[in-house]
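Note sheet for the following structure.
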Amino acid sequence: MPTRKQRRRHQKARRHEYEYVYLDEEGNEVPVEQSELRAERNGQRDSKPGKSGAGGRGAAGRGGGSGRKVEPPSWRRSARRALLFGPILVVAMMLLNRGQPLAQQIFPAVFLIAFFIPFSYFTDSLAYRMLQKRLARRETSKTR
């Protein structure tokens, strides 16, 4: 027995003319207004409400809504990550530089960890900003 979503997809595939629709809160298909379609065609694609293949899920269907919570970046979390990654890097450097004195085996690992901490913080801040922009875009598209 096909699900409601599968039936909708099948019905849409059998139509000759594709029309842009989205699902409202009650699960009804609602046609997209012409002004929204024009904005999409002009390159102002904030969201894609009319494809109906997404089933009205948005990013929640991809794990963005009810999934893991992304916290703001912190230096403490970056340092903790480096503490987990550091010993692995030290052991790898010791294995790769076996013929060298101990100081020359460990120094490159410490140097790389010193770069890893700010790089990790920067990566976290980029991911957090991207998420905030995506959530803001989703909120503005819902209010329309």
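We did not get these values from a lab; they are worked out from the coordinates using the rules stated. For clarity, every value in this text was computed on a predicted model and none was experimentally measured. Because the Cβ atoms are built from the backbone with ideal geometry, glycine has one as well, and the counts that use them run over all protein chains shown.
For segment 70-144, the spread of Cα positions along the three principal axes, ordered from largest to smallest, is 67, 20, 15 Å.
The string of couplings for segment 94-105 from the Karplus curve (6.51, -1.76, 1.60, θ = phi - 60°) is 5, 6, 6, 10, 4, x, 8, x, 4, 5, 6, 7 Hz, one whole number per residue in order, with x for Gly and Pro. Summing Lys, Arg as +1 and Asp, Glu as -1, what charge do residues with Cβ under 13 Å from the Cβ of Met130 carry, Met130 excluded? Here the charged neighbours net out to +4.
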